[in-house]
Amino acid sequence: MAEENLPQEHQYSDEELQYVYENRRYVGTKETVGFVLWDAAQSLNINMYSTRFITNIVKIDLGYQTIAKAINSVWDIVNDIFTAAIVEKTRTRWGKFRPYLLALAVPGMLLTLAYWFMPLYVGGKAANSVGKFIIYLLLEILKEGVGTFQGISRTGLLATITPHPVDRTRLITIANFASGTFGEKLPEQIMTVILDLIDNKKISTKKFSIESQFLVSFVGMGTFCTVLASAMSMWFFMNSKERIMQSIKTPSVWESLKSIANNKPVLLITLSDFLSSFAIGGSKSDYYIDVLHFASMTMLAGIPAAPISPISYSYVPWFRRHFSSRLLYIVSHYINNFLLIFVFLFGCIGFNPKTFKGGLYRKRLPMFFAMAIWEVIWTLFYGLRSVIGTELYNEGMDYCEWKNGFRTEAMTSVAKGLAAKVSGSVSGVISTALKKFIGYDQNAYTEGVEQPDYVKFYLFAMFTIVPSVTGALGIVPMLFYDLNGKKKELMYAELLERRKKAAAVASGGDSAAMQAYAEEQIHSKQQ
């Protein structure tokens, strides 16, 4: 993007350009607490076991799952486009995004409960039952429809809750720090222990079969997490506020699309997400459960890294001041995949590729040390990863306002998410089909039967080396990200001045003047 196309209202002194680093606060204590609760609610779930729930408890045939993923992927794309157009046109006295979050909180909760209750009303049907498949598919489609409105609105609210980048970084950092310190993963950890106890027959099975114990555990934990997370989110929605004024004239669909096309920061992030989402592979929980029969490895291997997680947030501001966003994004997002290559090589020591026998990857103690080291190094960048991705997107939205005179959070978030969803859907379909292709036995888990040796190796490879290699292309676009230094400082200095003018017009109650001001901004930025 040529620099001459950027808005240049007047020259700013170095002192004025330090606006981006000033510690200004707009969000009060009550709203900050609500934001922390809302952020915690996003991870108050057992979603890491959702695939196991569908595959081994509800027992939807893997072939049917592949079909459902393909259908839902197409619906996801269509749904995203018209949902973004609706949200982009929204203007209410409650804001642009809050109305959807408030209105869909209860329906979203009920749909999620219906998902976790599936074993109760489709249990006993064959894995390839068409009726069971249709119910599962309809739930996925409905959840996706409601989830799109919620997802777009969540992203938009975060971008408009405060006009200052430091205040926004403060909110994100506090929320992520609190979640990581005070039990962000507690539901998953509790579920992990329960699954291990059942899997290793440490719970009496005189009254209930192993399958029944798994069923009760999933339904119970899924219900508890859904209700609690919904209540926490609703409280925040009731007490939140959007502080960045939207232009009175709503941009057309063409203007929204055009604003995305000329938004270099968002385009680069979108392309990076698109390429990264082509990563094909399996899950860590599949490896821990089906190969090591030790789901609690995810907790034990994380113990050495636990003290580092909250500390990792403390040096995020320092990183932000001394290193470019480009470098921070690449390091924090791809260190994980880089380290997993070495985990794979370590696990393959002693492995016989002809017989699929041997290999350290099948032994708990060696893999505990390997995974613990991986966790420690990766956690050093945990705070940075939690903050930098969101902040880069929010900077991209501010860049849109700076360049065009209006904001298009809904359409931009959809375009960004759509690219990742298209590639992610392709890789998801392939990953599910690949699991069936390697001969994964869906009944082995609930029947206490071992997976074949070759399946165990493939599950290990699909968790480590395969996604590391297939997702590495996402690094390339971020090498060209340049919204740093003086350019970013100039943007925020000019935005501050422009927003002050808009606020002054609005506070004067002169709607005609406000309309003229908004149209002037849009017209000037389109020239």
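Where a number appears in this text, it was derived from the coordinates with a stated rule and is not lab data. Please read all numbers here as calculations on a predicted model, not as lab measurements. FYI the Cβ positions are ideal-geometry reconstructions off the backbone, even for glycines, and counts take in every protein chain you see.
Some observations on this one:
- Extension gain, PHE117 back to VAL469 (0.36 nm per residue minus Cα-Cα distance, nm): 123.0 nm
- Förster radius 56 Å - calculated FRET efficiency between VAL130 and LEU327, Cβ distance, rounded to 0.05: 0.60
- You can think of it this way: the chain between ASN484 and LEU365 has 38.3 nm of extra reach, that is 0.36 nm per residue less the Cα-Cα gap.
- Peptide ranges 403-410, 53-60 listed from the most packed, as the mean C-beta count within 10 angstrom indicates: 403-410, 53-60
- Normalised by the number of residues in segment 81-194, the mean separation of alpha-carbon contacts (under 8 Å, six or more apart) gives a relative contact order of 34 percent.
- Pairwise alpha-carbon distances in segment 269-355 exceed 19 Å for 61% of all pairs.
- Amide proton proximity set for LYS357, modelled H, under 5 Å, gap of 5+: ASN352
- Summing Lys and Arg as +1 and Asp and Glu as -1 over all other residues whose Cβ lies under 12 Å from the Cβ of TYR481 gives a net charge of +2.
- Net charge of neighbours whose Cβ lies under 10 Å from the Cβ of ASN394, counting Lys and Arg as +1 and Asp and Glu as -1: -3
- Built amide H within the under 5 Å cut-off of SER277, gap 5+: none
- The stretch between LEU138 and LYS30 holds 35.0 nm of extra length on full extension. This uses 0.36 nm per residue minus the Cα-Cα distance.
- Summing charges over neighbours of VAL27, with a neighbour being any other residue whose Cβ is under 10 Å away from its Cβ, gives +4 when K and R count +1 and D and E count -1.
- Take the Cβ atoms of ALA103 and LYS201, set R0 to 41 Å, and the FRET efficiency comes out at 0.30.
- Here, the chain yields an orientationally averaged convex hull projection of 24.7 nm² when only Cα atoms define the hull.
- Derived scalar couplings between HN and Hα for segment 304-309 equal x, 8, 3, x, 6, 3 Hz in order, rounded to whole Hz, by the Karplus curve 6.51 cos²θ - 1.76 cosθ + 1.60 (θ = phi - 60°), x for Gly and Pro.
- Estimated purely from DSSP H runs of n ≥ 4, each contributing -39500 (n - 2.57), the mean residue ellipticity at 222 nm for the chain is -21500 deg cm²/dmol once divided by its residues.
- Tilt relative to the chain, helix 130-160 - C-alpha long axis, 0 to 90 degrees, to 10: 30 degrees
- For segment 25-526: relative contact order, % (alpha-carbon pairs under 8 angstrom, 6 or more apart): 27 percent
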